[in-house]
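Note sheet for the following structure.
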Amino acid sequence: MAITKQQKDEILKELIEKFGKSKSVVFADYRGLDVAGVSDLRGKLREKEAEMKVAKKTLINIAAKENNLELDPSVMEGPVAATFSYEDAMSGLKVLFNFSKENDKLKLLGGVIDGKVVGPDVIQEYAKLPGREELLAKLIGSMNAPVSGTVGLLGNLIAGFVRVLNAYKDTKPAEESAQEEVPKAEEKEEEKEKVEAADTPVEAPKEATEAAESAEAEAEAKSAEAPEEKAEADKEASAE
């Protein structure tokens, strides 16, 4: 059943608000999931302060642009459900990831984390990191454990973040690399110009040069007149 323009406007307004207040958004292809499966997934998401919204891709794209996000067209292939996490950025993401491991009909397509559009690889790496509740529980437990246990926990967390960063790096478009090369080329050109400018002798202004030459000529003239004046003075003294 086709929806009216007023209904589309209401859905779009709702999506814009959800994008604005959510801490993460994950897109998933839910084709093949039956009604019971979708209902089960929605219930697990609600328990984690997350929500799944099914809408037309055009409306999702418009809502994302209204929040200064440009979605990758490849992320939006096929029927798409958007899952919004409001309290913990990892909550909805983890529910989807765990659900997809048990049900291969749900496929993670990518999403938005920390204001950045990311691919499915990054989503999966984030899902493997401990959530807020899990992290707090581990930290509290480590307080009663030997120092070596605390060090091991921190080491595992750091390793997880490194995996996330590496996955995110691999999803960056090639254009960004090209854009990064442009400033480098400009910097090299500026350095070259500075070196050439340093090697070029500085010429004195024409007026300063002429003034110096004039002063030198006057000094030479006065030096030449001085012996003559002295000779005349000696001659006058002898005559007296």
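Dipole orientation for the stretch 20-112: of the candidates 83, 27, 39, 39 has the Cα lying most toward the positive pole (charges on Cβ; Lys, Arg +1; Asp, Glu -1). Residue separation of residue 40 and residue 62 scaled by 0.36 nm, minus their Cα-Cα distance, works out to 5.1 nm of gained length.
Cβ under 11 Å from residue 63's Cβ, residue 63 left aside: what net charge do those residues give with Lys, Arg +1 and Asp, Glu -1? Provide the component values of the computation, followed by the final result.
Values: positive: 13, 18, 53, 56, 57, 65; negative: 14, 17, 66.
Every neighbour counted, the sum reads +3.
In this model, which of 53/101; 48/116; 57/107; 23/116; 23/94 are farther than 18 Å apart at the alpha-carbon? Don't jump to the answer; show the numbers that get you there.
Details: 53/101 21 Å; 48/116 22 Å; 57/107 16 Å; 23/116 11 Å; 23/94 14 Å.
Beyond 18 Å: 53/101; 48/116.
With r as the distance between the Cβ atoms of residue 128 and residue 7 and R0 = 35 Å, compute the FRET efficiency 1/(1 + (r/R0)^6) and round to 0.05.
On the way: r = 39 Å, r/R0 = 1.11.
The calculated FRET efficiency here is 0.35.
Counting charges near residue 79 (Lys, Arg +1; Asp, Glu -1) among other residues having Cβ under 12 Å from its Cβ returns a value of +3.
Computed from the coordinates by the stated procedures, all read-outs in this text should not be read as laboratory data. These figures come from a predicted structure and were not determined experimentally. Don't worry about glycine lacking a Cβ; one is built from the backbone with ideal geometry, like all the others, and counts go over all protein chains shown.
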